[in-house]
Every structure is written in C-alpha cells, then in structure tokens.
2 protein chains.
Amino acid sequence: MTDSRTAVVVGVGLIGGSVGLALRRAGWTVTGVEKSAERRAQALAIGAVDVAVTPAELVAVAECDLAIVAVPVSVAAPIVTDLLAGGAAVVTDVGSVKGPIAAEVADSRFVPGHPMAGSEQDGLDGASADLFSGATWVLSPTPETDDSAFAEVRQVVASLGAHAINVPPERHDTLVAVVSHVPHLTAATLMRLADGRAEEHRSLLRLAAGGFRDMTRIAAGHPSIWPDICAQNRTAIVEVLDQLVGDLSGLREVVAEGDEAKLLAHLEGARHARRNLPTTAPGAEAMSEMRIPVLDRQGEIAAVATLAADLDVNIYDLEIAHSTEGPRGVIVVLVETAMAERFQGGLMALGYRPSVRALD
Amino acid sequence: MTDSRTAVVVGVGLIGGSVGLALRRAGWTVTGVEKSAERRAQALAIGAVDVAVTPAELVAVAECDLAIVAVPVSVAAPIVTDLLAGGAAVVTDVGSVKGPIAAEVADSRFVPGHPMAGSEQDGLDGASADLFSGATWVLSPTPETDDSAFAEVRQVVASLGAHAINVPPERHDTLVAVVSHVPHLTAATLMRLADGRAEEHRSLLRLAAGGFRDMTRIAAGHPSIWPDICAQNRTAIVEVLDQLVGDLSGLREVVAEGDEAKLLAHLEGARHARRNLPTTAPGAEAMSEMRIPVLDRQGEIAAVATLAADLDVNIYDLEIAHSTEGPRGVIVVLVETAMAERFQGGLMALGYRPSVRALD
C-alpha cells in the first residue's frame, strides 16, 4: 500500500526538499511545511511536495504516517513535539547534533536521525531525489524509541538509497565533534594565527602552499550555523578540544626534546589512519597520485579528464594546486595504480609532464 | 655573455633538475652533482645537466659562476662550505628552513634561499624548466651576504620566472612554521585523535565528510622529511605550537561559556582572513561555488570541465566530494560569479542539477 502513505516534511531546503522528491517518486503523498513563501512556491514547482503550508498550519496537517523535521538543530525539538501531539505516527529529524533533542523529546514514536549528506541550512537549488543515494544516515534511537518506529524509519531511509547505521546519541555527538566540529574550530584558529603573524606584511602569506589552503578551506564558510552547533554539542566539543590541546602539548614536547623516534611514530600512525579513512575508492595500496603541471588556463582540466575517460581511467579524486602566484598550477589526480602508466603515457603524448607516486 | 656562464647544481631531484633545465635553456653550462647513479643518468637523458658527477668530485668541479645546493636541509651546510672553498663565485641553497644554515655558513658569497615550489626530496619525474614560473622564491641574506651576490642570485631567480622576496632567515622560519610545519603536525594530531576515538568501530569514520578529509590530507604524506624539519626549525615550531595550544584553549573557554558573540567574532575573523589569502584567483567577493551532484563514474569530470571550456568559463578550483559510501559524489567548482549563471544553464541542459552559492 505504498501509494497511499502520507508524509509531512517540515523545512523544505536541500534535505527536506530532497526527501520530498524521493518520497513522492516512491508514491507517497507529501505535505511541506515551510515559513518562506518563496520556498513553498519553489517546492511545489519542482515537485518536492504535493501541498505546501505555513508553520501556523503545522498541527492541522500533522496527522500522517511519517513526519521528517528538516530545520536547524536549535529549533527542531518543539516542532517534533507538536507533530507528535498532532497525530504523526512516527517522527524523525535530520539535525547535526542528537543528544539534546533525544533527551528533550523522549517519545516512543520519535527516532532522532542525521543524514550525512548536505545540510539543513542549504537551499532547494541542489535538491534531488538521489541526494541520499549511497550516503550514510545515522539513526540515534533513544531508550524510549519503539522498535517498530525505528524499523519504519530505517526502512524509509533504505528506500531513499541511504545506508542506515545505528549510533547512540552521545556517541554520535562525540564523533561529529571529532570529525567535524573541532576540525572546523581548529581550521579557524590556524587561519587567525597565521593572519595575526603576517599582519605587518600580508604578502608573506604567499608562502602558504596547498597544505595550508586545504587545512583552512572550511574556515571560509559562513559562521552562522556554528553558535547553534557549539551550543547544542558543547559537552562533546569541549571534551574533544581538551584532548586536542593535550595531544598538541605532548607533540610540542616531542619536538622540543628532538625525539625523532616518537615524532616518526606519531606521523606514521597518522599516515596509516588517513590512508585507511573509509571511502568509495579502492584501498590506498592500490592507488597512485599523479601530479600534472599545467598553466592555470581554461580547458586544462577538461583535456586531462577527457583523456582519462577516453583511456578508461577512473579519476577517484582531483584537485588543483595553484601556485601561490603567477599562471602555473598542478592538477593532482588519484587513479588506480594499474591504470597510472597508461594515463601517464597518454598525458605525455599530449605534451604534459606528469609525475606518478604510488600511495603505498 | 650569458652563454658562457657556468653553474653547479648539487642534488638533481625535482628542484635541482628543474633549475638545471631552466639554466641550460638560458644558455648556461650546468654540472650536476648527484650521489644516485640512476639520477645522474636520468638528468643527462632529460637534458637537466651537461655533465653529471658524484659527490666525491664536488670540490673538483666547484669553480663556477653560481652553485645551487638542492639537497635535504639537514645536509646542505657542509656542501655550501665545500663549494665556497672550492671556488664557486656565489652559492645559494633551496632548503625549507633558513636560520641554522644562515648562522652556520656566514659568508659574503652565500645567499640562503627557498623556492616555494616542489620539494628538494622529490624525484626528477616532474622536473620542468617552468617549475618556478610564477612561484615565490624567498631569499634570506645573512648580515654577511654581499649585495652583489644577493643581486646575482636575485637576477637568476627572476630569469627562472620566479618572484623573489627578501625575508630575514628567522622571519622566514617563523612563517613556514605557521603556514606549513605546525599545520602539518596539527593535521596528523587530528587524524590520530579521530582514529583513536573510532577504534572500536572504524566504520564510524564514515561520518567524516569533506572538511575533515581536506584538513587531514597532508597527514597521508610520507613522514621522512619531518624529523629534519622539526630539528632544524625547532625553536619556531615550539613557539608557534605554544601559541596554537593557547589559542585553542581560549576557544575552548568561549565554547564552554557559550559566548556566542566571541565565537562569531573568532569565526568571522578567520573567514575574512581565509578569503583574503593571496592567490591567483580573483577575490572571493567575485567568486561562486557550484556544487554539481554526479554519480562517481568515469567521464563526469570530463563532461563538466569540457562544458566549462566550451562556455568560456574558467574553473579556478575543482574538488570531488565523494559520498562516504556508495556511488554518488559532488563535483565542487569555483568560478567567477559573473560566469556562474551561464555555466549553471549549460549544466542543466546536460541534465545536471547544480547549486550555486556566492562566496560573499
């Protein structure tokens, strides 16, 4: 009876809109709740919802098989409560911190969730029924959550093409502090430190090469979401920052004492871990990095990528390392080692001078 | 009389080989000094040197107009001394730390240097006469350095297409600690911290998204150069690590106290600084980021980059954000805002669903 099921999506941005598109494609009837008139119109226009209403009408439309709350993490809890009170059979949310909402809304029909794709702050432009295809979607049931409600949300998440994993709320929050929140705060801190040191002579920041640019890239993002996240996930962030400060202080001693063996062990451990970070690409032992010097001009990426496609070489990763000034850059691609020689030959035939290094 | 000048290049790897290629193109006669027989043969084969000799022959060939020492930073000083004793008119080096060698070799004919391109540890494969075209090349003269020796090296650096900047040795070392050495140590520390936290359940690192991958990418590099760098630049690295630990501890207090205004000011400052990092691209205010959902399959980058070239849209940066698992990814490109609409239209005509966000 899939074709008669009803969903309510609250907050029709990138995530809510994509959920709406995917559910409607699967035969659900979807009501969108959205405060922005422009977004309501856009959601109807792209077919993300069957009906779009304002938040004032939330309780009136709440009775449904499944409600998905896709609003910023700090404002989700009361909406979940209203939906439960209004008759939603099962409610889930998509916020990036799970502990507080799991504690605040302890209800058998509430299944806290967090899809690792997009952000609830982004707009509808990139919404797609396939947004979650292949993505990881964390479900963080509370002790009160019914098994049947959990199973229902899990089944819907799977039907969207995502891979559901079950992680308790506190564990989820510590992990996102480790892999997202604290790295972001660290990037901002490194960037400010460098900026302060170069104050009297900013052009010296031209010494900052690709590694520094990579590390601080996320610091260029808009800070508006961070007060919410830091407030919601304060405990985990403070605890992880304490560990980071302790670890860096320990490394400072290693450098100060010139303990070469300890330094190498630290860096080797990091290298091993980084190379084993889960990814879609084959393991690092099967991959090679190719560096292709180019002029920073139009068409170079196209020429390189087209050649790869022509030669049946899959590019797993590609980045452009610009020189700090001037017209020169390097295209860095990650390919399977088995294909590297063929690709190198093709590139040399086109006049490029690529270097190849196995990631072993 | 350019065509009669003689150079000695010690260490024929990526940097030494590229210097050799560029000098020979400009009419110099170049003698390479290299301990690896394989590299000597390769250097001759690609035309990076006219003659290749072993380190045992160094003093015998040292008499020349200019000697460039392109060996790892920890072994450069005695070679510089030997070259000066052997009759080289002017000597420069390319090591990534400048204070110790500047102190050790206080000679009027020695001009410490550091090109911000490639590494003296890399092999000849990527060597190119154009490696330094547009790159920044730091010269760090000591109080003993002759003006004429400095002017000579500066002129040669300019003839290689690089932009020479004059930075005192200690200032150089602090800056590279800030923008390279400490960021590298921090990336390794973050990676190890995450790895330790996920120990009992590594698949949870699937929660690590693009920002974490960016921040820890450099930790995947081979650690062999770091003991040398940390030993040579110990004072600056320890001092900058101390500041980083202090800054992170301060930020920890801001988060613990929930001081939203201070947190926003910190992140806004970082954002402003990151967007003003010197680069070849136009200023951030003129750029837009486009996110193009794709399946992780061959040909997608080629299709996107070819369209950009066809539409006269310059791609300033491109990265592939893979989903943490499954076949889906997002190509993220940086283009001028003025061109974003045209590019978006073309992409939509090909069936892509790109989103656009101005970096303002």
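A short reminder: the numbers here are calculations on the coordinates, not readings from a lab. Model, not experiment: these values are computed from the prediction. Cβ atoms come from the backbone with ideal geometry, glycine included; neighbour counts cover every protein chain shown.
What the table below lists for this structure:
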quantity	calculated
Relative contact order (%) - criterion: Cα under 8 Å, at least six apart; region: chain B	11
Unit charges on C-beta of K, R, D, E only; dipole of chain B, Debye	820
Sequence-separation-based contact order of segment A:171-275, relative, with Cα cut under 8 Å and 6+ spacing, percent	34
For the protein assembly as shown, average projected area of the Cα convex hull in nm²	30.7
Taking B:287, A:290 and counting other C-beta atoms within 10 Å, the order from fewest to most	B:287, A:290
Top of B:218, B:315, B:237 by mean-square fluctuation, Gaussian network on chain B, Cα under 10 Å	B:315
Entries of A:35/A:98; A:262/B:98; A:98/A:262; B:98/B:262 with Cα pairs more than 28 Å apart	A:98/A:262; B:98/B:262
Charge dipole magnitude, Cβ of K and R +1, D and E -1 - the protein assembly as shown, Cα centre, debye nearest 20	840
Helix-only CD estimate at 222 nm, as mean residue ellipticity for chain B, using -39500 (n - 2.57) per DSSP H run (n ≥ 4)	-13500 deg cm²/dmol
Other-chain or far-sequence residues with amide H under 5 Å of residue A:317's (modelled H)	A:334
Inter-copy spacing of residue B:50 label points, which lie 7 Å from Cα along Cα→Cβ, given in nm from shortest upward	8.4
Unit charges at the beta carbon, dipole of chain A: most positive-side option, A:47, A:220, A:273	A:220
Built amide H within the under 5 Å cut-off of residue B:165, gap 5+	B:137, B:138, B:139
Shortest-first nm distances, residue B:36 label point to equivalent points in other copies (7 Å, Cα→Cβ)	5.4
Highest-MSF residue in chain B out of B:80, B:313, B:97 [GNM, Cα springs under 10 Å]	B:313
Within chain A, longest stretch clear of exposed trypsin sites (Lys or Arg not before Pro) (DSSP loop, no more than 15 other Cβ within 10 Å)	A:36-296
Distances in nm from residue B:265 to the matching label points in the other copies, shortest first (labels 7 Å along Cα to Cβ)	4.3
Highest-fluctuation residue, B:267, B:84, B:334 considered, GNM on chain B with Cα pairs under 10 Å	B:267
Beta bridges by DSSP in chain B, antiparallel share as percent, to the nearest 5	50
Residues whose placed amide H lies under 5 Å from that of residue B:330, excluding near-sequence neighbours	B:294, B:321, B:322, B:323
Förster-model FRET efficiency, 22 Å R0, residue B:74 and residue A:262, C-beta, rounded to 0.05	0.75
HN-Hα J in Hz across segment A:53-62 - Karplus 6.51, -1.76, 1.60, θ = phi - 60°, x for Gly and Pro	10, 8, x, 4, 9, 3, 5, 5, 9, 5
Point-to-point label distance, residue A:159-residue B:151, nm (Cα→Cβ direction, 7 Å offset)	8.1
FRET efficiency for residue B:235 and residue B:349, using Cβ-Cβ distance with R0 set to 35 Å, rounded to 0.05	0.05
